[in-house]
Amino acid sequence: MHVIHVDPATAGEPIERTLARLRADADVEYAEPDQRRYIHATPTDPLYASLQWYLQPNAPALPAAIDAQTAWNTTTGGNLVIADIDTGVRADHPDLTGRLLNGYCFISDAFVANGGICPGASSLDTGDWITSSDVSNHSECKGASVSVSSWHGTRTAGILGATANNSIGIAGLTWGPQTQILPVRALGKCGGADSDIITGMLWAAGVSVAGAPPNANPAKVINMSIGGTGVPVLDHHDHQSRRDEPGHERLHGPVLLQLDCITRP
């Protein structure tokens with residue numbers, strides 16, 4: 001997969017016309033826009049964090065609850081690696097102690113990375129706050145709003161793998177320490193590019209990625225709580241850049257989860 005910046009033939013040329021022009025070139029095998037994806041919003045209701053309604057038994061008042069309690073009565077899980085492709089993690093979170101594997105950052109845009117070691121062997125979330133200057137001066141933030149850091153990757157990692165039954169914080173869906181979280185940082189300030197997300201997916205699945213060390217802990221489950229407009233990253237049939245990546249067929253191995261997926265206005 002090659003990512004290049006293409007100037008429009010004329011000022012104001014629509015992206016559809018630019019793509020048509022590129023696709024008509026015999027020297028171009030295919031062309032797709034490198035679209036952006038965004039984290040999903042987290043409710044601010046105090047009961048959301050304190051009572052974790054989404055894990056409770058299903059009831060008329062909680063139609064979306066998954067009833068993890070009944071599942072835990074059957075099993076509290078086994079050895080499993082879950083990759084969380086998101087904004088990275090805060091490894092100092094006490095509820096994630098012993099649950100995190102060494103991850104990697106695949107963000108190729110220094111502004112989006114916001115000071116992190118990217119690309120590089122660090123999954124540290126350096127924050128994704130947005131200022132009015134970011135909105136005015138960076139195309140990555142077009143249509144965004146001023147906001148504080150979401151720490152979305154740490155929140156998601158906690159929902160997946162916060163140690164349960166330890167009298168600290170929240171209970172993760174996977175309960176015990178035998179399940180480990182592989183943090184893959186592909187989003188930062190104002191979201192992330194499809195190309196970085198796809199590269200992160202391949203690496204998480206154990207596929208060799210140029211410039212990155214081999215993943216010693218390939219994931220059986222890949223979680224992406226993200227969304228955006230255009231062709232979904234998970235679409236095997238329509239996303240040509242995914243199909244043409246060496247080893248893409250390995251992605252049929254892990255289970256891919258795109259949770260709470262909606263399009264961003």
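Readers should treat all values here as calculations from the given coordinates under stated rules, not as data from a laboratory. The shown structure was predicted, so the numbers you read here are calculated from the model rather than taken from an experiment. Don't worry about glycine lacking a Cβ; one is built from the backbone with ideal geometry, like all the others, and counts go over all protein chains shown.
Listed values, structure above:
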{"quantity": "Normalised contact order of segment 136-238, rounded percent, pairs of Cα under 8 Å and 6 or more residues apart", "calculated": "15 percent"}
{"quantity": "Karplus-derived 3J(HN,Hα), 6.51/-1.76/1.60, for each residue of segment 92-108, Hz, glycine and proline x", "calculated": "7, 5, x, 7, 10, 4, x, 9, 9, 8, 6, x, 8, 10, 10, 6, 9"}
{"quantity": "Long-range HN-HN contacts of Asn223 with modeled amide H, under 5 Å", "calculated": "Ala83, Asp84, Ile85, Leu257"}
{"quantity": "Stretch gain in nm, segment Asp34-Ala121, where the contour uses 0.36 nm per residue and the Cα spacing is subtracted", "calculated": "29.0 nm"}
{"quantity": "By average C-beta atoms within 10 angstrom, highest first, the peptides 19-26, 53-60, 167-174, 126-133", "calculated": "167-174, 126-133, 53-60, 19-26"}
{"quantity": "Two-site FRET efficiency, Ile15 against Phe111, from Cβ-Cβ distance with R₀ of 25 Å, rounded to 0.05", "calculated": "0.75"}
{"quantity": "Residues Met1, Met224, sorted so that the one with the fewest Cβ neighbours within 10 Å comes first", "calculated": "Met1, Met224"}
{"quantity": "Computed over segment 96-136, Cα set: Rg, Dmax in Å", "calculated": "12.5, 41"}
{"quantity": "Within segment 75-154, trypsin sites (Lys or Arg not before Pro) in DSSP loop having at most 11 other beta-carbon neighbours inside 10 Å", "calculated": "Lys142"}
